[in-house]
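The values are calculated or read from the model by the stated rules, or taken from the named source; none is laboratory data. Bear in mind the structure is a predicted one, so any value in this text is a computation, not a measurement. So basically every Cβ, Gly included, is an ideal-geometry build from the backbone, and we count neighbours across all protein chains shown.
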Amino acid sequence: MGFRNIIGRRLGLGLVRRRKPFSTATCDGDGNGNAKSINLYSAINQALHIALETDNRAFVFGEDVSFGGVFRCTTGLADRFGKARVFNTPLCEQGIVGFGIGLAAMGNRAIAEIQFADYIYPAFDQIVNEAAKFRYRSGNQFNCGGLTIRAPYGAVGHGGHYHSQSPEAFFCHVPGIKVVIPRSPRQAKGLLLSCIRDPNPVVFFEPKWLYRLAVEEVPEHDYMLPLSEAEVIRQGSDITLVGWGAQLSVMEQACNEAEKDGISCELIDLKTLLPWDKETVEASVRKTGRVLISHEAPVTGGFGAEISASIVERCFLRLEAPVARVCGLDTPFPLVFEPFYMPTKNKILDAIKATVNY
Amino acid sequence: MNSASCAAKISTQPFSLNPTSPTSHDNPLVFPKPTSFFLGSTRKLRLSSSSKLNLHRRSGTVVAVSDVVKQKKSKSTPSLLITKEEGLELYEDMILGRAFEDMCAQMYYRGKMFGFVHLYNGQEAVSTGFIKLLKQQDSVVSTYRDHVHALSKGVPARAVMSELFGKTTGCCRGQGGSMHMFSREHNLLGGFAFIGEGIPVATGAAFTSKYKREILKEADCDHVTLAFFGDGTCNNGQFFECLNMAALWKLPIVFVVENNLWAIGMSHLRATSDPQIYKKGPAFGMPGIHVDGMDVLKVREVAKEAIGRARRGEGPTLVECETYRFRGHSLADPDELRDPAEKAYYAARDPITALKKYLIENSLASEADLKAIDKKIDEVVEDAVEFADESPVPSRSQLLENVFADPKGFGIGPDGRYRCEDPKFTEGTAHV
C-alpha cells in the first residue's frame with residue numbers, strides 16, 4: 001500500500017502531530033462550541049474524519065469505503081487522507097478483520113468496515129478466536145486494542161434476510177471484545193470516537209434505519225462519550241424499559257402512549273452491551289420494580305435474556321412482575337412479514353400494560 | 001505485465017491526489033482503454049494447440065476459445081454454429097431475460113416490489129449460453145442477480161414475478177424475494193444474497209451427482225452443477241476452498257465467473273492481484289477458460305465443452321466470462337462510478353443485438369420471426385405482472401412456517417394444537 005507514502009506525509013508534509021489524551025472519561029458532548037443538525041451517517045463521517053486527523057496511524061478500510069461507502073459514512077476520507085490510509089479491500093470479510101487484527105497488533109488503529117452486519121459471520125472466527133483473545137494469550141505482550149469493527153445492523157424496512165439482522169447477541173458472548181450500539185447522531189459520534197480510542201477491540205453496530213432518518217444537533221468538535229455507562233433517557237417510576245439502537249425510538253413512542261394511560265415509564269439506553277452497565281439498570285429496577293427489555297433480534301438467546309437473568313439475580317425480591325421481553329420472533333428475518341416480526345410499538349405497549357397490571 | 005502496470009497506477013496515486021478537490025465519486029484511477037489486455041481482445045492469450053480445445057488434459061491448459069471459434073468460422077463458412085431452432089431458442093431466452101428485468105425496474109419504481117433488486121441486463125449471453133444446454137435434472141446455483149438464471153432454467157416468469165412481489169404464488173411462496181429464487185422442480189438451488197455462499201453448496205450438489213453415479217450405481221446419473229458468481233467473489237476464501245475440493249474429488253461442476261468488472265463500486269482491476277481469473281483454475285488442477293461473455297455463441301461453445309467434460313466424469317472447469325451489466329449494481333445504486341466510455345463500449349456489444357445480427361446475416365431467421373418473438377415475450381411478461389398482482393399476499397401464519405422441518409413451524413403448543421394456528425401467537429395481543 002505504499003508505506004513510503006505514509007512516512008513522506010508524516011515528515012515532509014508536517015501533518016498534525018498533536019495526540020489527544022485518550023481516555024474514555026466524558027468529554028462534553030453537549031453544546032460546547034458549534035453544533036449542527038446532521039444525520040447519523042454524517043455524524044459517523046465526522047467521527048472518522050476526526051479519528052484520522054488526530055492519529056496518523058489510523059486506517060479505514062472495507063468494501064467500497066473509498067468512494068464513500070454504500071451508506072456514505074466514509075465520504076471524503078479517501079480524498080482527504082489518501083489511498084494509503086483509506087482503502088478498499090476485496091470481498092473477504094474474514095480477511096478484512098484478520099488483516100485488521102494484524103494492523104492493530106502492530107500498534108495501528110484499524111477501523112474496519114463490514115458492509116452489513118449480516119456479512120460479519122465469516123469474520124466471526126477471527127473476532128472470537130483472535131481479536132478477543134489476543135491480549136490474553138500473549139500475556140499482554142501484544143494486543144489488538146486498536147481494532148474497531150463498524151457494521152450497519154438492524155431492520156431497514158425492506159432488507160429481508162440478509163440486510164436486516166441484529167447479531168449483537170453472538171458477540172456479547174465473547175469475553176475480550178466490547179460491543180457498542182449508538183441510538184442517535186450525537187451519541188454515535190462520541191461513542192465511535194471512544195471506541196476507536198479504547199484500548200480494546202470493539203464491534204460497533206450502527207442502526208442502518210437511522211442513517212438518514214435520525215437528525216440531531218451534533219457538536220463539531222472532538223468529543224467522546226464513556227463506554228460501559230448506560231443512560232437514563234427518560235425518567236419514570238412505574239416500569240423500566242431497557243433497549244439500544246433504533247429500537248429506542250419505538251420504545252419511546254410506546255412510553256408516550258403509556259403515559260396517556262397514566263403509566264410512568266423509565267427508559268434506559270444501554271449504549272454498551274458488553275460490558276454492560278448493570279448498576280444503572282439495577283438502580284432503576286429497584287426504583288420501579290418492573291422491567292421490560294426490547295430488541296429486534298430473535299427473543300431466544302437474544303441479549304435480553306442476559307439482562308433478564310442478571311436483573312432477576314440481583315433484584316429478585318424487588319420485582320413485582322416477571323421480566324418482559326418484547327423482541328423479534330424466532331424465525332429468520334423475514335422479507336414480506338417484517339411488520340409482523342418486529343417488536344412494534346403496540347406489542348411493547350401491550351407488554352407494558354400486562355407487566356404493570358400483573 | 002498487466003498486474004504490474006495496474007500496481008504502478010495504484011502506488012503513484014497518493015501523490016497526484018489533490019486534497020482540496022471537491023469530493024466526487026469519480027474514480028481517480030483511469031479506466032484502462034478498451035483495447036487493453038483482456039477486455040474483449042484475446043490476442044494476448046496463448047493458444048497451446050491450434051484447433052482442439054484442450055480441456056481434457058488435467059494439467060489445465062488455458063485456451064483462448066474465442067480464437068478457436070473464430071478459426072472455426074473462417075475455415076468453413078457454410079457450417080454454422082447453431083441451427084435455426086437453437087438460434088430462436090437462444091434469442092427468445094435472452095429477450096425474456098431482458099424484458100423481464102426491464103419490467104422489474106418499472107415495477108420497483110412503482111412500488112410493487114421492494115427490497116434489494118439486482119438486475120441482469122447485459123449479461124444475458126452467459127445465462128442463456130450455459131443454462132440452455134442443461135437438462136432439467138442438472139442444478140444451477142446462482143447469486144443475488146438470479147432472476148434470469150431462474151428464467152433460463154425454466155422457472156415460469158409468473159412464479160418469478162410473484163416471488164418478487166412477495167405473493168404466495170411465488171416460487172418460494174413469497175418468503176425469499178428477489179435474491180432467493182429456488183425451484184425444486186427445475187433444480188435451481190438459489191439465490192444467495194451473500195457472495196460466495198452458493199459455491200460450496202454447488203460443490204455439495206455436484207458431489208451427490210458423482211456419488212449417485214459411482215457408489216449408488218445409478219448409471220444414468222450424469223447430472224452437472226453450474227455455479228454462477230461474480231468477479232468480486234473470486235477474492236473470497238470460499239471460492240478457493242471449493243476449487244480445491246472440486247478438483248481434488250473430480251466433481252461434475254462448472255464454475256462460471258460472470259466477470260462484469262465491478263463489485264458495487266470496486267473495480268475488479270483494483271481489487272485483485274491478478275485480474276485474469278481463469279488462471280486460477282490451473283493453479284488448482286482444472287482447466288481455466290476465458291470467453292467473451294457478450295457473445296452467446298462463443299459462450300455456448302465453451303459451455304458445451306465444459307459441461308460435456310463434467311458429464312463424462314472428467315472433473316471441474318473454471319470458465320471466466322467477460323461480461324458487463326448495463327444497469328447499476330442494484331436498483332438503489334446511482335451507478336456514478338463507471339466511466340461512460342466503458343459503458344458505451346459494452347453497450348455496443350449488446351448480446352441480443354449481436355445474436356440478432358448473426359441470425360439475420362446467416363439467414364437463420366427473418367426480422368418478422370424475431371419481432372414475433374419480441375411480441376410473444378412482451379405478452380408473457382405482461383401476463384406475469386398481472387398474475388403477480390392478482391395473487392394473494394401470504395397469510396400471517398406463514399411467517400412461522402418452515403423454520404424447522406415441520407412446515408407448520410414451532411411444533412405443538414401447550415394446548416395440543418399447532419402453535420401457528422393460534423391467532424394470538426402471530427398477532428400477539430396487539431394489532432399491527
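Numbers at a glance
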item: Identity of the residue in region A:300-332, under 19 Å from A:Asn346 (Cα atoms) and of a type in the set (A, V, I, L, M, F, W, C), that ends up nearest to the other protein chains (Cβ to nearest Cβ); result: A:Leu329
item: Flag if A:Ala188 is of a type in the set (A, V, I, L, M), within 14 Å of chain B (Cβ to nearest Cβ) and surrounded by 19 or more Cβ atoms within 10 Å (Cβ to Cβ); result: no
item: Pick from region A:55-70, criterion in contact with a strand residue (DSSP E or B) (Cβ under 8 Å, 6 or more places away or on another chain) and within 11 Å of chain B (Cβ to nearest Cβ), ranking: nearest to A:Ala43 (Cα to Cα); result: A:Gly69
item: Boolean, B:Ala246 is assigned to a helix (DSSP H, G or I), at pLDDT 95 or above, in contact with a strand residue (DSSP E or B) (Cβ under 6 Å, 6 or more places away or on another chain) and of a type in the set (Gly, Ala, Ser); result: yes
item: A:Ala84 vs. criteria surrounded by fewer than 22 Cβ atoms within 10 Å (Cβ to Cβ), in contact with a helix residue (DSSP H, G or I) (Cβ under 7 Å, 6 or more places away or on another chain) and within 8 Å of chain B (Cβ to nearest Cβ); result: yes
item: In region B:210-243, the residues that are in a helix (DSSP H, G or I), touching a helix residue (DSSP H, G or I) at 6+ places or on another chain (Cβ under 9 Å) and within 17 Å of B:Pro316 (Cβ to Cβ); result: B:Lys210, B:Thr233, B:Cys234, B:Gln238, B:Phe239, B:Phe240, B:Glu241, B:Cys242, B:Leu243
item: Near pairs, Cβ below 7 angstrom, 6+ apart or cross-chain, from region B:369-387 (within 12 Å of B:Val160 (Cα to Cα) and in contact (Cβ under 8 Å) with a residue 40 or more places away in the chain) to any residue that is of a type in the set (S, T, N, Q) and in a helix (DSSP H, G or I); result: B:Phe387/B:Ser162
item: Members of region A:148-164 found to be in a loop (DSSP other than H, G, I, E, B) and within 21 Å of A:Val65 (Cα to Cα), listed by number; result: A:Gly154, A:Val156, A:Gly159, A:Tyr162, A:His163, A:Ser164
item: Unique residue being of a type in the set (Lys, Arg), touching a strand residue (DSSP E or B) at 6+ places or on another chain (Cβ under 7 Å) and in contact (Cβ under 8 Å) with a residue 40 or more places away in the chain when the list is A:Arg183, A:Arg135; result: A:Arg183
item: Residues of region B:111-149 classified as farther than 19 Å from B:Trp262 by Cβ and assigned to a loop (DSSP other than H, G, I, E, B), total; result: 12
item: Condition met for A:Ile50 (modelled with pLDDT of 95 or more, over 30 Å from B:Phe116 (Cβ atoms) and more than 9 Å from chain B (Cβ to nearest Cβ)); result: yes
item: Residues of region B:183-223 classified as buried (at least 19 other Cβ atoms within 10 Å of the Cβ) and within 14 Å of chain A (Cβ to nearest Cβ), total; result: 10
item: Condition check for B:Leu269: assigned to a helix (DSSP H, G or I) and within 14 Å of chain A (Cβ to nearest Cβ); result: yes
item: Selected residue (criterion: surrounded by the most Cβ atoms within 10 Å (Cβ to Cβ)) from residues of region B:272-300 that are more than 14 Å from every other protein chain (Cβ to nearest Cβ) and out of contact with any Ser or Thr (no Cβ under 9 Å at 6 or more places or on another chain); result: B:Tyr278
item: Options A:Ile120, A:Ile96, A:Ile111; residue that is more than 14 Å from every other protein chain (Cβ to nearest Cβ) and within 21 Å of the chain's Cα centre (by Cα); result: A:Ile111
item: Residues being in contact with a Pro (Cβ under 8 Å, 6 or more places away or on another chain) and of a type in the set (Gly, Ala, Ser) - total across region A:108-125; result: 1
item: B:His329, sole failed condition from (1) touching a helix residue (DSSP H, G or I) at 6+ places or on another chain (Cβ under 9 Å); (2) surrounded by 19 or more Cβ atoms within 10 Å (Cβ to Cβ); result: (1)
item: Selected residue [buried (at least 23 other Cβ atoms within 10 Å of the Cβ), assigned to a strand (DSSP E or B) and not assigned by TED's automatic domain parsing to the domain that holds A:Val156] from A:Val281, A:Val285, A:Val326, A:Val336; result: A:Val326
